[in-house]
Each structure stands twice: as C-alpha cells, then as structure tokens.
Amino acid sequence: MAALQTIIDNCNGMTINRRKVVGQQITRNQIPRVSTTPTKNPWTMELDMPTSFQYNNARALMESVDTLDRTGYEDVTFSNNADLSWIFRYQGTLPLTQLNGLLVSSFVGNQLILSGLPPINQNRVIFEPNDLIQIAGFPYPFTSTTQVVRGTGATITITTHRPNIITGSITGLNILVGNNCIFRLFCPNMPVYKLIVGGRQLSAGGTLVGNALIEWSDPFQLYEYVGTS
C-alpha cells in the first residue's frame, strides 16, 4: 500500500506552503530591507487526518508508514480523490491531444518556452495563473504565474513560480499539466499512531471481533524531495 498516497486521499484538511526563504530587517532609521535566499523553493504541505481509520482495515497502511519512515519518498497525485482533484485541475482551454503536442524549447531561470503550438485563435488561453506544469520524466511541478494566450508566434513563454531546478537536458520533451502532474514527497516528521479501543465490527461469519480507531500524533508534514534533479 502506498503510504503517503493513502494519507492524501483521506485527509480532511491541507495547508500548502510555497513561500521563499526571506530575510527582513528594519534599520535604525526605520527603512525596511528584504532579501531572499536562492533555493529550490520546494513544495510543502501539512495534512490533517481524521480519526476514522479502523485498525483491522489499516494494518497495511500502518506497515507502509513505518517502512517509509522519515527518509523514504513517494510519488503521489491529487487526482485519485474526487474531493481533492479540483485543487490542481488544469484551467486552460486546450484538449489533451493539443497539450500533448507542446514541447520544451528552453527553460532558463523562470522562463519556460514551449513550441509545437496548435493552429488556434490567438486569444485562446493555454495557461491560467496557478496552472501546474511539469516536464515529462521529472517529478517537479511548476506553476504559471500569469495568464498565457496562444498569440501569433511559434512559441509561448511561461513565467514559472520558481527557476528551473532540473539539471538534465529537457529540450524537446513533452509536458504534463494539472492533475496529470505528480509530486515526489517525503514526510520528515512521520507521525506515530495511537490505537483507541472501539469501532468493533462483525467478521464474515458474524462474530463480533475487537477493533480500534487510529489517532495520529501530529499532522503529516510533507516536503518535496528535491535531492536529485
């Protein structure tokens, strides 16, 4: 069983943090100074879990959580759960067949240039702000910070929320968007679980068996794994 994917699919609250590392200082004459530290600006998420998992049905999940521990990572999606799939849905107007034709021309800094544009109206919206974009074969989602329309040129330029953190060659690769993107995450705080007696159930033979509800010690704090790119 996929541990983090199951946690995501069953969470009842999620906090997303993509803020940069920022230093702030107020000088003696009260002039504010702000500086940013260059980082890979990883995605971080905090997931709140309900006390609804029953021990008898969740032993595989508990084993997966313990095996993954605080060091292993997992590739996850937000498209499994209908209650979550709207969070990162694609907002542009291209069908999948046309999106599949888009190719990476270059990605320098936070300027992603795509070619392979379809012959459509120049005002058609290809990306809206906060649309997820991922280079095929690399588990690092970026977001478009502005609306991007077709225009009249052979390419479009997307300003992304962080600079290109991929060190490998990406020219000519396809892209993934929206719910087709995956996140590579690990959980450095990996909560422990407490068994609360209750939630009894009947076995297949109709016999009443003991059971327990699982209570997690903390929210799951998920960080994007950017150790290799």
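No lab work stands behind these numbers, since they all come straight from the coordinates. Computed from a predicted structure; not experimentally measured. Note: ideal-geometry Cβ built from the backbone for every residue, glycine included; neighbour counts use all protein chains shown.
Amide H to amide H, which residues 5 or more places from GLY116 or on other chains are under 5 Å from it, using H placed in the peptide plane?
Amide H neighbours of GLY116: LEU103.
Which values, in whole Å and largest first, are the semi-axes of the equivalent ellipsoid of the chain obtained as the square root of 5 times each eigenvalue of the Cα gyration tensor?
Over the Cα atoms of the chain, the semi-axes work out to 39, 25, 15 Å.
Largest first and in whole Å, give the semi-axes of the stretch 96-180's equivalent ellipsoid, each being the square root of 5 times a Cα gyration tensor eigenvalue.
Here the semi-axes work out to 19, 14, 12 Å.
In the neighborhood of TYR140, defined by Cβ-to-Cβ distances under 12 Å, what is the net charge if each Lys or Arg adds +1 and each Asp or Glu adds -1?
+1
Report the residue, chosen from ILE31, ILE135, ILE166, that carries the largest GNM mean-square fluctuation when the chain is represented by alpha-carbon nodes joined by springs under 10 Å.
ILE31
Once each part is reduced to its C-alpha centroid, what is the distance from the stretch 65-92 to the stretch 115-185 in angstrom?
Rounded to whole Å, the Cα centres lie 20 Å apart.
Can you give the extra length, in nm with one decimal, that the chain gains between ILE16 and ARG124 once fully stretched, where that is 0.36 nm per residue apart less the Cα-Cα distance?
Taking ILE16 through ARG124 to full extension adds about 35.9 nm, to one decimal.
At 222 nm, what value in deg cm²/dmol follows for the chain if DSSP H runs of at least 4 each add -39500 (n - 2.57) and the sum is divided by all its residues, to the nearest 500?
-3000 deg cm²/dmol
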